[in-house]
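As structure tokens, the structure follows; a few thoughts come after it.
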Amino acid sequence: MLSKKLQDALNEHIKNEFYSAYVYLSMAAHLAAAHLPGCARWMRAQSQEEMSHAMKLFDFVLERGGRVVLKAIEQPPGQFKSPLEVFQQALKHEQKVTGMIHRLYELAVKENDYATQVMLQWFITEQVEEEGAASEVVEQLKLIGKEPTALLMLDRQLGARGGDS
Ligand SMILES: [Fe+2]
Ligand SMILES: [Fe+2]
């Protein structure tokens, strides 16, 4: 059985993962409007991934006999100055989420909840991947600078990610 404290923290994090999905969906809309369909597709796939993270926690709380409480999701940012700023914000957001996952893990240790610790290990590994992917795009966009041809090439490359990841 989940402790009340841990159940509350997991419910809070279900909302955080849905908020991440919202942030990336907003970024996808911005990138599509900026005529970067590949970048937009990458962000949309990212958004779908965040929804699957939320559902993973949702299912875990239910499986443990807990009560899922869905919280209100804040409005995501909608204005960005450049594709570089979009991906820099995405990276910053992932770093923030990594901190949240680590605090959840610390709580699971404190509550002696081993099953939650094991479940959260998946998220810890996933965060390393997500920070790495966002930071890779940030660095590539920095290399590109104001070179439109290179930006269009990167856009094509990012568009190959598809919606399945
Ligand atoms: Fe996530
Ligand atoms: Fe993420």
*Residue selected from segment 14-45 under the condition among the charged types (D, E, K, R) and within 19 Å of L141 (Cα to Cα), by the criterion nearest to ligand 1 (Cβ to nearest atom)*: R44
*Inside segment 40-64, can you point out the residues that are within 13 Å of ligand 2 (Cβ to nearest atom) and acidic (D, E)?*
E49, E50
_For segment 9-16, check the following and say yes or no: at least one residue is on the phi < 0 side of the Ramachandran plot, in contact with a Leu (Cβ under 9 Å, 6 or more places away or on another chain) and of a type in the set (V, I, T)._
yes
*Residues in segment 1-13 that are within 16 Å of ligand 1 (Cβ to nearest atom) and in contact (Cβ under 8 Å) with a residue 60 or more places away in the chain: how many?*
4
_Elements of type helices (runs of 4 or more DSSP H) contained in segment 46-165, each with 1 or more residues being within 13 Å of ligand 1 (Cβ to nearest atom) and open to solvent by less than 20 Å² (accessible area, probe 1.4 Å)_ = 83-110, 114-144
*Top-ranked residue of segment 65-102 - restricted to ones that are among the basic types (K, R) and under 30 Å from M1 (Cα atoms), ranked as nearest to ligand 2 (Cβ to nearest atom)*: K96
*Give the residues of segment 2-11 that are in a helix (DSSP H, G or I) and more than 13 Å from M55 (Cα to Cα), sorted by residue number.*
K4, K5, L6, Q7, D8, A9
*Based on what the data block shows, is M43 at pLDDT 95 or above and either surrounded by 15 or more Cβ atoms within 10 Å (Cβ to Cβ) or in contact with a Pro (Cβ under 7 Å, 6 or more places away or on another chain) (or both)?*
yes
*Restricting attention to segment 14-26, which residues are away from ligand 2 (no atom under 12 Å from the Cβ) and buried (at least 21 other Cβ atoms within 10 Å of the Cβ)?*
I14
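The values are calculated or read from the model by the stated rules, or taken from the named source; none is laboratory data. Small disclaimer: the values here were computed from a predicted structure and weren't measured. All Cβ positions, even for glycine, are placed from backbone atoms using ideal geometry, and neighbour counts span all protein chains on display. Note: accessible area is taken over every heavy atom of the protein model, side chains too, but ligands, DNA and RNA are not part of it. Shrake-Rupley method; radii C 1.70, N 1.55, O 1.52, S 1.80 Å.
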